[in-house]
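Remarks on the structure that follows.
We did not get these values from a lab; they are worked out from the coordinates using the rules stated. Note that the structure is a prediction, hence the values are computed from the model and not measured. All Cβ positions, even for glycine, are placed from backbone atoms using ideal geometry, and neighbour counts span all protein chains on display.
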Amino acid sequence: MEGAETAEPHTAEMFRILFVSTSYPQDASDWRGVFMAHISAALARQPEIRLIQWAPPGQTDSRVEIGTTSTDAAWLSRLMRDGGISHRLRTHLVSGVFAAIQLLLRLRSAYLRYPDINLYHINWLQPALPLPANGKPVLVTVLGNDMRLLRLPLMRSLLRRVLRNRRAVLCPNATWMEPQLREEFGDLAEVVPVPFGIDPRWYAIHRDPCRCPCWLVVTRLTADKLGPLFEWSAPLFEEGRRELHLFGPMQEQVAIPPWVRYHGSATPEELARDWFPRAHGLITLSRHAEGRPQVVLEAMAAGLPVVASRIPAHVDLVDALSGCVCGERGEFASAIALLEDDATNRAFGLHARERVRREFGTWDDCAARFIALYRRLTHAG
């Protein structure tokens, strides 16, 4: 499995980790930051990890120590209700900048409260900015939005200042981000892609696609996330010979055509039980700054072929035997027609499932990849 070569036999040693995330699901029905909850729980299950978590309040593993103060928790809850820091910056720049400054100040206080940790595990680049100059090692998980963040004035210089004089590793969750990170930070930090894992429930799905071709779109509803979905799909779905089912929260006011079957948000349990087994495949025509979309990984683990837009995150993930990457309307129509052939659909789905099982595994596999890097950073193995 990718990253597994770093995991070697070792002497058990306890790592005290401050795990930081600005996004976290409030409960089982919340779609926001679900992958953070999976990473946190998987790390907490490992006997050598003592995890202290600074994040918005939500359901956590009983072994996780909550490091968020009550005032920070209340503030982060309000931020999550507003769509998160990235959404605030995109939609309300002035209040977004003010919120970003508040966030950095709260993070600075959190870092100073835990002087005896072994290392920091920080998710997204921005929360690394207020790290104290204490020489503590840091592992930073880099996601798609971070590549947009690096275009902001002074951001690269500020991050380089933080990374100096400490052991650091930057962990993009997709390989397409690696070259730029090496170019900008490779002299100060190791760059090691670490793929996220996949919940075993998706590997266990048995597919039995319905007779009327059924295609799924699972996304936050924004213009960038939807991309040309309605425009490209209209000629193929308007007549009702196939169905397009759309799931996700309405984050921007988007007009949904009447031929689209919009269901609002759906829990992972509902998707795994009611929709993935009967679908012909997953469609994502996003133009957003994606890292490695978790819903695409889950669809592939469930044996669903994927039809995706031609952006780096999709090109990096969807190969020619597990789905189709499309740059224009004609390619999209051809991909839908190709994958509605039963034999082709089954073959693509089986390849997709075996590929992600081999390369990404489960969340426990992901935790093992991170722990191997913790050892490297602390010279404990």
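A few remarks follow.
- Cut-off under 5 Å, modelled amide H: who pairs with Ile66 long-range: Gln53
- The residue list Met177, Val140, Ser86 was ranked by how far each Cα lies along the charge dipole of segment 81-188 toward its positive end, using unit charges on Cβ atoms, and Ser86 comes out on top.
- Pair Met14, Arg278: separation of 7 Å Cα→Cβ label points (nm): 5.1 nm
- Counted residue by residue at 0.36 nm each, then reduced by the alpha carbon distance between them, the extension gain from Arg113 to Arg211 reaches 29.4 nm.
- Ratio of Rg to Rh over segment 169-270 (Cα coordinates, Kirkwood Rh, two decimals): 1.11
- Residues Cys326, Cys210, Cys171, arranged from fewest to most other Cβ atoms within 10 angstrom of their Cβ, appear as Cys210, Cys326, Cys171.
- In sequence order, calculated HN-Hα J values of segment 49-65 (Karplus, 6.51, -1.76, 1.60; Hz; x Gly/Pro): 10, 10, 9, 10, 10, 10, 6, x, x, x, 6, 10, 4, 4, 8, 7, 8
- Arg78 paired with Ser95, simple spin-label distance in nm, labels 7 Å along Cα-to-beta-carbon: 1.0 nm
- Segment 148-158 - phi-based ³J(HN,Hα) in whole Hz, Karplus 6.51/-1.76/1.60, Gly and Pro as x: 6, 4, 5, 7, 6, x, 6, 4, 4, 5, 5
- As a proxy for reagent exposure, ranking Trp363, Trp275, Trp259, Trp54 by other Cβ atoms within 10 Å from fewest up yields Trp259, Trp275, Trp363, Trp54.
- Once the Cβ-Cβ distance of Arg287 and Thr71 is raised to the sixth power relative to R0 = 41 Å, the FRET efficiency obtained is 0.65.
- Glu243 long-range amide H proximity, modeled H, under 5 Å: Cys214, Trp215
- Inter-part distance where segment 117-192 and segment 230-280 are each reduced to a Cα centre, Å: 37 Å
- Compared with the direct C-alpha span, the chain from Gln26 to Ser62 gains 11.4 nm at full extension, assuming 0.36 nm per residue.
- Dipole check for the chain: with +1 at the C-beta of Lys and Arg, -1 at the C-beta of Asp and Glu, and the Cα centre as origin, the magnitude is about 1160 Debye.
- Modelled label reach - Thr175, point 7 Å along Cα→Cβ, segment 306-348 residues with backbone N closer than 12 Å: 316-319
- Rounded to whole Hz, the Karplus (6.51, -1.76, 1.60) HN-Hα couplings of segment 130-141, x for glycine and proline: x, 4, x, 7, 10, x, 5, x, 9, 10, 10, 7
- Charging the Cβ of each Asp and Glu at -1 and of each Lys and Arg at +1, and nothing else, the dipole of segment 176-291 about its Cα centre rounds to 680 debye.
- In this simple spin-label approximation, Trp259 and Ser334 carry label points 7 Å from Cα along the Cα→Cβ vector, and these lie 2.2 nm apart.
- Modelled FRET efficiency - R0 41 Å, Arg45 with Arg310, Cβ distances, 0.05 increments: 0.60
- Averaging 1/r over each pair of different alpha-carbon atoms in segment 200-359 and inverting the result gives 15.4 Å, the Kirkwood hydrodynamic radius.
- Neighbour cut-off at most 16 other Cβ (10 Å), DSSP loop, GluC sites (Glu not before Pro), segment 149-244: Glu238, Glu239
- Unit charges on C-beta of K, R, D, E only; dipole of segment 200-359, Debye: 320 debye
- Reciprocal of mean inverse Cα separation for the chain (Kirkwood radius, Å): 21.6 Å
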